[in-house]
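Report on the following structure.
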Amino acid sequence: LLLPYKAKEFDKVILDKDPQGAWYSVRVCNMIIAFNKDKLDPKDAPKSWKDLLDPKWKGKIAMPNPLLSGTAYVAVGALAQKYGWEYFDKLAANGMKVEQGNSAIQNKLLTGEYAAAMILEENILKLSVAKKEPLAVSYPSDGTIMIPSPIAIMKTTKNPEGAKALVDWWLGKDGQKAVVKGWMHPVRADVEAPLGSIPTSQIAATKIKIDWKDLADNNAKIKENFRKRMMDR
């Protein structure tokens, strides 16, 4: 299905890529913990995914719905792989709310309805840096959930040279700077991460390892497990 192509700057890509160049990570979204620093002292904010189980956060935490959001689905799958489904039983017992999406969560963080939440880093950076809102990111000590987006060339392409040029641009410095303008992380160490963030390599060093095949093969099962534990109570 895919046409292997060693991009001009193949060696500059520090995140996941096919050794033969059949596919590359081209940008990265991160699922993190966010909080409102006007309403919660940063030293008291949750520092790990396990911290969300602390009774002091009961009824004051939220996450996006993995039945509707692909990034939330990855986060649920990653945490289930790391801690087992018992983790979600405990989250449910601690009053974790499931929202339709990131927008509702960020708005309720701003009002103080939620003390902390699982949410995409880019949403928080955009509000905190560009709009000067008092939201902050906590990179979990037990691993940020890194969600790369791939780029690849189909073997059936009618313009392979044009496709190769596009891959080269996206993986080059200009393409990666365009990624950063969208508040997502680059896949090169020589392109700075978004303002307000930390280097991509630093996040990658402690990221949660994800079995992507399991997430692909067991989509319906994972969603059903989540629904029963978190939404049918």
Hey, could you check region 113-166 for residues that are polar (S, T, N, Q) and under 20 Å from Trp212 (Cβ atoms) and say which is surrounded by the fewest Cβ atoms within 10 Å (Cβ to Cβ)?
-> Ser149
Listed by first then second residue, the pairs whose first member lies in region 31-43 and is under 14 Å from Gly196 (Cβ atoms), whose partner is acidic (Asp, Glu), with beta carbons under 6 Å and at least 6 positions apart or on separate chains, are Ile32/Glu121
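Taking the conditions exactly as written (under 20 Å from Gly196 (Cβ atoms), crowded, with 20+ Cβ neighbours inside 10 Å, out of contact with any Asp or Glu (no Cβ under 7 Å at 6 or more places or on another chain) and hydrophobic (A, V, I, L, M, F, W, C)), does Met96 satisfy them or not?
Details: under 20 Å from Gly196 (Cβ atoms): no; crowded, with 20+ Cβ neighbours inside 10 Å: yes; out of contact with any Asp or Glu (no Cβ under 7 Å at 6 or more places or on another chain): yes; hydrophobic (A, V, I, L, M, F, W, C): yes.
Against the criterion (under 20 Å from Gly196 (Cβ atoms), crowded, with 20+ Cβ neighbours inside 10 Å, out of contact with any Asp or Glu (no Cβ under 7 Å at 6 or more places or on another chain) and hydrophobic (A, V, I, L, M, F, W, C)), Met96 does not qualify.
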The condition of being within 22 Å of Ala78 (Cβ to Cβ), of a type in the set (Val, Ile, Thr) and surrounded by fewer than 17 Cβ atoms within 10 Å (Cβ to Cβ) holds, among Ile210, Ile198, Ile203, only for Ile198
Pairs under 6 Å by beta carbon, first residue in the same structural domain as Ile124 (by TED's automatic domain parsing) in region 85-103, partner surrounded by 14 or more Cβ atoms within 10 Å (Cβ to Cβ) and of a type in the set (Lys, Arg), six or more apart or different chains?
-> Phe88/Arg229; Asp89/Arg229; Ala92/Arg229
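The values are calculated or read from the model by the stated rules, or taken from the named source; none is laboratory data. Keep in mind the model is a prediction, meaning the values are calculated, not measured. Cβ: placed from backbone, ideal geometry, glycine included. Neighbour counts: every protein chain shown.
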